[in-house]
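Report on one structure; see the data block that follows.
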Amino acid sequence: MKFIPTKLEGCFIIEPNIITDERGYFMESFNENTFQTGIGQPVHFVQDNQSYSTKGVLRGLHYQIGEHAQAKLVRVLGGEVLDVVVDLRPESKTFGESVSVMLSAGNQRQFFVPRGFAHGFLVLSETATFFYKCDNFYNKDSEGGLIYSDPTVNIDWQFPTSGLLISEKDKVLPTLENARKVW
């Protein structure tokens with residue numbers, strides 16, 4: 001596996017080694033030893049989640065706060081998404097900055113998002129199956145969110161806003177200035 005650091009400290013794009021032949025392909029999608037060595041820290045995942053969405057669905061930007069904060073390892077099993085994270089760590093030199101990564105079944109990339117980041121994605125293909133591992137269990141009382149259209153973060157979603165499908169809950173998330181603090 002190849003671990004590619006991003007401009008946000010602790011976030012990595014992960015490219016697997018894919019072995020192909022006339023039968024198809026094989027790849028190791030996760031190996032705890034390789035993963036922990038690649039990101040340089042111990043992370044133990046305890047929960048897997050999966051979603052299915054149609055083109056234009058924007059999910060996010062979500063995070064968990066305090067003792068329930070979550071690191072995530074995300075990937076796309078079918079389709080293509082624009083995956084986005086925003087650094088919410090108050091002490092970080094990149095606080096409020098974002099990184100976007102194209103994830104697809106075709107490129108087989110994964111994206112590691114450490115604790116302290118808001119995360120979301122936009123479906124660019126007709127449908128997408130999104131899969132992610134979390135290193136902490138979900139806790140409803142610890143939910144946080146950031147509005148996808150916050151002008152101070154200024155995310156380029158690479159999609160017309162008129163075509164976005166967003167949950168009512170996500171439409172009313174706060175701006176970075178008013179969002180819940182991660183810790």
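The values are calculated or read from the model by the stated rules, or taken from the named source; none is laboratory data. This one's a predicted model, so the numbers in the text were calculated from it and none came from an experiment. Note: ideal-geometry Cβ built from the backbone for every residue, glycine included; neighbour counts use all protein chains shown.
Some values worked out for this structure:
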quantity: Segment 135-183, subset among the hydroxyl-bearing types (Ser, Thr, Tyr) and assigned to a loop (DSSP other than H, G, I, E, B), residue farthest from residue 116 (Cα to Cα); calculated: 167
quantity: Segment 121-150: number of residues that are polar (S, T, N, Q) and closer than 17 Å to residue 176 by Cα; calculated: 2
quantity: Counted residues, segment 19-69 - those being of a type in the set (A, V, I, L, M) and within 20 Å of residue 171 (Cβ to Cβ); calculated: 3
quantity: Failed item in (1) under 14 Å from the mean Cα position of the chain (by Cα); (2) closer than 19 Å to residue 27 by Cβ, with residue 117 passing the rest; calculated: (2)
quantity: Test: residue in segment 75-90 that is in contact with a strand residue (DSSP E or B) (Cβ under 7 Å, 6 or more places away or on another chain), more than 23 Å from residue 158 (Cα to Cα) and not hydrophobic (A, V, I, L, M, F, W, C); calculated: no
quantity: Among (1) in a loop (DSSP other than H, G, I, E, B); (2) out of contact with any Ser or Thr (no Cβ under 7 Å at 6 or more places or on another chain) - the single one residue 7 does not satisfy; calculated: (2)
quantity: Cβ pairs under 7 Å, 6+ apart, first in segment 164-183 and farther than 18 Å from residue 153 by Cα, second at pLDDT 95 or above and part of a helix (DSSP H, G or I); calculated: 183/66
quantity: Answer from 115, 180, 109 - the residue that is surrounded by 19 or more Cβ atoms within 10 Å (Cβ to Cβ), farther than 20 Å from residue 47 by Cβ and touching an Asp or Glu at 6+ places or on another chain (Cβ under 9 Å); calculated: 109
quantity: Lone qualifier among 175, 129 - being within 17 Å of the chain's Cα centre (by Cα) and of a type in the set (S, T, N, Q); calculated: 129
quantity: Inter-residue pairs, beta-carbon under 8 Å, first in a strand (DSSP E or B) and in segment 120-134, second crowded, with 16+ Cβ neighbours inside 10 Å and of a type in the set (Ser, Thr, Tyr), 6+ apart; calculated: 120/148; 123/53; 127/53; 128/53; 130/53
quantity: Qualifying residue in segment 87-97 (condition: in a strand (DSSP E or B), under 10 Å from the mean Cα position of the chain (by Cα) and buried (at least 19 other Cβ atoms within 10 Å of the Cβ)); calculated: no
quantity: Some residue of segment 31-48 being assigned to a strand (DSSP E or B) and either at pLDDT below 95 or surrounded by 11 or more Cβ atoms within 10 Å (Cβ to Cβ) (or both); calculated: yes
